[in-house]
Amino acid sequence: MQTITQLTPAETYLLTQGSSVLLKDLLKYTFIDLLFKRVLNIMKPTNRYKTLSANNICIGSQFTTYSPRKHELAFLEIFNKSRDLNIMFYQLVKIAYQYANSKHKFVFKHLFNTPYISKSLEISPLKNLFFNIQLTEEGVLLKHTITSELNELEKNFPKLIRNNPQESKAILDKIKGNIFLLKNFDFELLKEIEPALKKPIEDIEDKDFDCFYFDSYNTFSTIFDNDFERAEAEENPVKKKPQSYRSTHRSSYHQRGSFWGSLWSSVWEGLWDSIWNSDGDGDWGDGGCGGCGGCG
Amino acid sequence: MTPSQQALWKKVKSFPLDDSKASFSFTDRLARENSWTMEYSLRTVLEYKKFMFLICIANHPLTPSDQVDQVWHLHLLYTESYWEDFCQNTLNRTIHHGPTKGGDQEKEKYNNWYEETQKRYIETFKTNPPEDIWPPSSIRFGELNFTRVNLHRNWIIRKPKFLKKWKF
């Protein structure tokens, strides 16, 4: 279990899935990993709207001491600038989407900076342009190791939770968000060993207890996906599709299942980012009237 | 901050501007109308709250940055939220918005108020105001040349840096 403890789930996911990764999942795994690391907290809404989208996110107890990797800044940069903020879940998803800008940019500009990823991916401008990820020899070995470790976890971890909760908690503390990469794992079991999954913070001033309360991982995942698609539709009107299209054709649309699908996504994301290179970093176009003064 | 100021700041900071049930919230609108990112918009909303809090505890007039002013303008459009929920029930006072009457004297007056506001900000929050939201006076009052543009009919192209000081 040595290797995946060194990787964030987004890195593990990229190394194991290669070109078929989805930006939505890269961001989702990154976010949930930051919750497990107590860098961020989900607070239960204090108002009457009790949906996860409306829950506020604030900094967790480990925020000040944590050294984030570049791709994690998608969720952390705003709190570096204003630690006081508590942000609604759907707003933070949108911030992360705007930071990532595209899958191409997120992988090659942000994820690529980490040591494990930079030595594992082939650098080829043409292949990168069309998001055709190829692993180096070292990358292939790493992928093999990671896959074995994940398979072993998938096989043994549920039993370990029942038989030895203390040891399983120790493992969970090491692998953190990587746990959500397991394919056939009942995530409800985590509530038996992770107290932070149970109790929500009722008040922002109560920072003594970290929590990332949500009903279930599936609920969290579905709401994250919806909020991501909302952000995507708002940012890219060209990509906007009716809800029914998106829900029924999501795989082919995002996963480059067909030639035309892959060509469309590659040309759109690759060309736009590589040639036009729109940076999208915190631009602020001024607008409105000028010359207003304050009141007395 | 005195204990009563701390209590007021807590109330102001947690004042909800976004209706989480709305599919197009206050911050969404702010971001769209100013072409700001969500991150920038949320930080500007926090600065707006700080500014309104400063008004409540200051005994002299204050002037916001243009960015903070945009949040104020938008909040004023949500009349119930602004006058009832915010002014009446949270701040316990009314805060009117007064545009400049124009002229050099007014310009100088607002310039001084703006610098006073930044000083007061540092004294109260023990930190410098973020420069991307609270720019220096030279930019705050030197780059006021805005207009509404119909984006259905026009493109906006950024001026090269060396042409920025020219007003054509």
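The values are calculated or read from the model by the stated rules, or taken from the named source; none is laboratory data. Predicted model, so just to flag it, every value in this text is computed and none were measured. Note that each Cβ is placed from the backbone with ideal geometry, even for glycine, and that neighbours are counted across all protein chains shown.
Of all residues in segment B:70-92, one or more are within 26 Å of A:Tyr99 (Cβ to Cβ), buried (at least 23 other Cβ atoms within 10 Å of the Cβ) and either hydroxyl-bearing (Ser, Thr, Tyr) or without any contact (Cβ under 8 Å) to a residue 60 or more places away in the chain (or both).
Scanning for something hydroxyl-bearing (Ser, Thr, Tyr), exposed (fewer than 12 other Cβ atoms within 10 Å of the Cβ) and at pLDDT below 85, does segment A:214-221 turn up at least one residue? For segment A:214-221, residues hydroxyl-bearing (Ser, Thr, Tyr), exposed (fewer than 12 other Cβ atoms within 10 Å of the Cβ) and at pLDDT below 85: absent.
What residue, among those in segment B:17-44 that are part of a loop (DSSP other than H, G, I, E, B) and more than 7 Å from chain A (Cβ to nearest Cβ), is modelled with the lowest pLDDT? Even if it seems obvious, please write down each step before you answer.
Kept after step one, since they are part of a loop (DSSP other than H, G, I, E, B), are these residues of segment B:17-44: B:17-25, B:35, B:37.
Narrowing the set further to residues that are more than 7 Å from chain A (Cβ to nearest Cβ) leaves B:17, B:19, B:22-25.
Working: B:Leu17: 90, B:Asp19: 81, B:Ala22: 75, B:Ser23: 78, B:Phe24: 85, B:Ser25: 89.
Across segment B:17-44, the extreme among qualifying residues is B:Ala22.
For segment B:27-61, the set of residues classified as among the polar types (S, T, N, Q), within 21 Å of B:Leu91 (Cβ to Cβ) and surrounded by 21 or more Cβ atoms within 10 Å (Cβ to Cβ) consists of B:Thr27, B:Thr44, listed by residue number. Once segment B:37-81 is narrowed to residues that are under 10 Å from the mean Cα position of the chain (by Cα) and among the β-branched types (Val, Ile, Thr), the residue that is farthest from B:Thr2 (Cα to Cα) is B:Val71. In the set (1) on the phi > 0 side of the Ramachandran plot; (2) facing another protein chain (nearest Cβ under 9 Å), B:Gln67 fails one condition alone, (1).
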